[in-house]
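> One structure, as C-alpha cells, below. Some questions next.
The values are calculated or read from the model by the stated rules, or taken from the named source; none is laboratory data. Note that this is a predicted model, so its numbers are computed, not measured. Positions of Cβ are generated from backbone atoms using ideal geometry, with glycine treated the same way; all protein chains shown enter the neighbour counts. Accessible surface is based on the protein model in full, side chains and every heavy atom, while ligands, DNA and RNA are left aside. Shrake-Rupley method; radii C 1.70, N 1.55, O 1.52, S 1.80 Å.
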Amino acid sequence: MEYRQAWDYQEELLRENVRIKSEAGKHADSLSASFSGNGAPDEPPADTRHYLLFVEHPPVYTLGKSGHMENVLIDEQQMKEKGMEFFRTNRGGDITFHGPGQLVGYPVLDLEKFYTDIGRYLRSLEETIILLLQEYGIRGGRSSGETGVWIEAGVKGRERKICAIGVRCSRWITMHGFAFNVNTDLEYFEGIIPCGIKNKQVTSLARELGRHIDLGEVKKKLKTHFEEVFEAELFEMNDLTVET
C-alpha cells in the first residue's frame, strides 16, 4: 500500500477513537453532575477499538517531525530516478526507509486501556521484536539512548539496526509504529543516515540468516509475541476496508 494511503487510514482510525473518548468524557461529566452530592459514579472506559495493521510500502523515505534534512543524502531528482517518494511525517524520530520485503506494523491503541507511559510503550514494541528474533536464533537488544532493536549493539563497529520505531500519540491513542527489515533491499539505506545515527549499520533478517524469509511466517510469529507482550488477543478483522 502507498505510504500516504496508509497514513490517512491510521489518522482516520485515530480520529474515530478520539471522538469516542470525547463523547465518553461528555457523558461522564453529565453523570457526575446528575450525581452531585451523592457521590459521582466511576467514569466508564471509552468504547475505543484497538488495531494492529501490517503493511508493505513501495520505496519511500519518511522524515519524523524532529528529523533533520541533512540526514537525507540524495536529492529529489535522484529519488525520482529510484522510483521513490518522500514524506515529512508527524511521528517521532528522524529519517527512515520503507519498502518491499519490510514488515511495517502500525498499532492504533488506546494506551489508557494499557498504561499511560510512552516510554514503556516503546520498550514493549522493542520487546515484541526481540522475542521474535529469538525464534530465529538471533539475540536482539537495545542501544542506550536510541530507540529500536539492534544486533550486537554493544560491540563497537558491529552495531546494526534491524527494526526502527517511531510513533505519534494523541489523547493516548497511538499511530505509526515499527519497521522490521525482513527481506528488505538494504541499498536504499545508502541514500540516508538511518534514524540520524552515523557510523552504524542497518541489517535485515534475511542478511543475518543468509536466506529469504517467508513474510507470512514472520507476521504469524510477530502477532503471537505482540499478544504476549501487550497481554491482548488479536482477531482478524474482515470488516475493515480501505478506500483506494
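> Could you tell me the largest-minus-smallest coordinate of the C-alpha atoms of the chain on each of the three principal axes, in descending order and whole angstroms?
In descending order, the Cα extents are 66, 40, 36 Å.
> Using heavy-atom solvent-accessible surface (probe 1.4 Å) with all chains present, what is the largest-first order of I74, I173?
I get I74, I173, largest accessible area first.
> Return the Cα extents of the range 122-244 along principal axes one, two and three, sorted largest first, each rounded to a whole Å.
46, 35, 33
> Kindly provide the helix-only [θ] at 222 nm of the chain, computed as the sum of -39,500 (n - 2.57) over DSSP H runs of four or more divided by all residues, to the nearest 500 deg cm²/dmol?
That calculation yields -10000 deg cm²/dmol at 222 nm.
> Hey, another quick one. Less than 14 Å Cβ to Cβ from Q78, Lys/Arg counted +1 and Asp/Glu -1: what total charge do the surrounding residues give? Numbers along the way, then the final one.
On the way: positive: K80, K82; negative: D75, E76, E81, E85, E187, E190.
Net charge in that neighbourhood comes out at -4.
> Quick check: pseudo-label points 7 Å beyond the Cα along Cα→Cβ at R19 and E190, how many nm apart are they?
So the two model labels end up 4.7 nm from each other.
> I'm checking a number: the convex hull volume of the Cα atoms of the range 175-233, normalised per residue, in Å³. What is it?
Residue-normalised Cα hull volume stands at 127 Å³.
> Quote the Stokes-Einstein diffusion coefficient, in whole µm² s⁻¹, for the range 69-135, based on the Kirkwood radius over alpha carbon pairs, a temperature of 10 °C and a viscosity of 1.306 mPa s.
105
> Leaving out ligands, DNA and RNA but keeping every protein chain, what accessible area does Y106 have, in Å² rounded to the nearest 10, with a 1.4 Å probe?
10
> In addition: Compute, for the chain, the length of the dipole vector about the Cα centre, with Cβ point charges of +1 (Lys, Arg) and -1 (Asp, Glu) only. Units Debye, rounded to 20.
Around 760 debye, computed over the chain.
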